[in-house]
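The values are calculated or read from the model by the stated rules, or taken from the named source; none is laboratory data. Treat the numbers as computed from the prediction; the structure is a model and nothing was measured. Glycine also receives a Cβ, built like all others from the backbone with ideal geometry; neighbour counts cover every protein chain displayed.
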Amino acid sequence: MDVFVSQYEWIRLTRESLFSYCETLPQSDYIKELETFGGDSIRSLHAHVADCYRVWLGSRALGKSFPKITPDSINNVAEMREVFRKIDDLVHEFLNEFKGKWDNTIQVSFEEGRRAEISALWLFTHTITHEFHHKGQIVKIGRQLGYIPPDTDLIGP
């Protein structure tokens, strides 16, 4: 058994539960920007999570070039699901590339000119915990809009 592949599958199943919940919301609430969340919407947080995977795993770890994922380019939950299907493929490519090489480091440059060496394990851990952080915010936004979300803790297989 590949532990990280299994772990990502649990994350994907949990994301599916969140998408199913989001499909019950009116489109206007999926894209509604809340000042209490710095102007973010559920859609913008989903796009931000996907873009984090794109940047950290795709661009920085695998050296691939993908267009930025922006909320305005995604109209509804069905389109967001498609974005995440591509992210799933990217994550699996990353997991295959670094299987058994989790201590390998990658040179990363940041916009302000700072550089760092980051391990493959850190990159994977960062992206999945980042998704769960924002999943909590998405659930909170739903509650603020008057909806009762399902239990979105890690869903087992």
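Of all residues in segment 112-128, those satisfying the criterion of being surrounded by 11 or more Cβ atoms within 10 Å (Cβ to Cβ) and either closer than 18 Å to Ala50 by Cα or of a type outside the set (Val, Ile, Thr) (or both) are Ala116, Ser119, Ala120, Leu121, Trp122, Leu123, Phe124, Thr125, His126, Thr127, Ile128. Any residue in segment 39-57 that is modelled with pLDDT under 95, assigned to a loop (DSSP other than H, G, I, E, B) and surrounded by fewer than 17 Cβ atoms within 10 Å (Cβ to Cβ)? Yes, the conditions are met somewhere in segment 39-57.
Are any of the residues in segment 27-49 more than 27 Å from Asp153 (Cβ to Cβ) and in contact with a helix residue (DSSP H, G or I) (Cβ under 6 Å, 6 or more places away or on another chain)?
Taking every residue of segment 27-49 in turn, none turns out to be more than 27 Å from Asp153 (Cβ to Cβ) and in contact with a helix residue (DSSP H, G or I) (Cβ under 6 Å, 6 or more places away or on another chain).
Look through segment 71-109, keep the residues that are in a loop (DSSP other than H, G, I, E, B) and of a type in the set (D, E, K, R), and return whichever of them is surrounded by the most Cβ atoms within 10 Å (Cβ to Cβ). Applying the filter and picking the extreme gives Lys99. For Thr152, state whether it is surrounded by 14 or more Cβ atoms within 10 Å (Cβ to Cβ) and either of a type in the set (Val, Ile, Thr) or modelled with pLDDT of 95 or more (or both). So Thr152 fits the description; yes.
If I filter segment 110-149 down to residues being outside any helix (DSSP H, G or I) and under 26 Å from Glu16 (Cβ atoms), which single residue comes out as modelled with the lowest pLDDT?
So, considering only residues that are outside any helix (DSSP H, G or I) and under 26 Å from Glu16 (Cβ atoms), the one modelled with the lowest pLDDT is Pro149.
When Lys32 is tested against (1) loosely packed, with under 15 Cβ neighbours inside 10 Å; (2) among the charged types (D, E, K, R); (3) outside any helix (DSSP H, G or I), just one condition goes unmet, and that condition is (1).
Given the conditions (1) surrounded by 13 or more Cβ atoms within 10 Å (Cβ to Cβ); (2) touching an Asp or Glu at 6+ places or on another chain (Cβ under 7 Å); (3) assigned to a loop (DSSP other than H, G, I, E, B), report the number of the one that Lys68 does not fulfil. Among (1) surrounded by 13 or more Cβ atoms within 10 Å (Cβ to Cβ); (2) touching an Asp or Glu at 6+ places or on another chain (Cβ under 7 Å); (3) assigned to a loop (DSSP other than H, G, I, E, B), the lone unmet condition for Lys68 is (1). Among residues of segment 96-109 that are free of Cβ contacts under 8 Å to residues at least 40 places away in the same chain, those with a Cβ under 9 angstrom from a residue that is acidic (Asp, Glu) and assigned to a strand (DSSP E or B), sequence gap 6+ or separate chain, pair up as Thr105/Glu117; Gln107/Glu117.
Look at Leu34 and say whether it is closer than 28 Å to Ile141 by Cβ, hydrophobic (A, V, I, L, M, F, W, C) and touching a strand residue (DSSP E or B) at 6+ places or on another chain (Cβ under 8 Å). Write out each step before concluding.
Numbers: closer than 28 Å to Ile141 by Cβ: yes; hydrophobic (A, V, I, L, M, F, W, C): yes; touching a strand residue (DSSP E or B) at 6+ places or on another chain (Cβ under 8 Å): yes.
Yes.
Evaluate the following for Arg54: is it touching a Pro at 6+ places or on another chain (Cβ under 6 Å), touching a residue at least 12 places away in the same chain (Cβ under 8 Å) and not small (Gly, Ala, Ser)? Taking the combined requirement at face value, the residue does not satisfy it.
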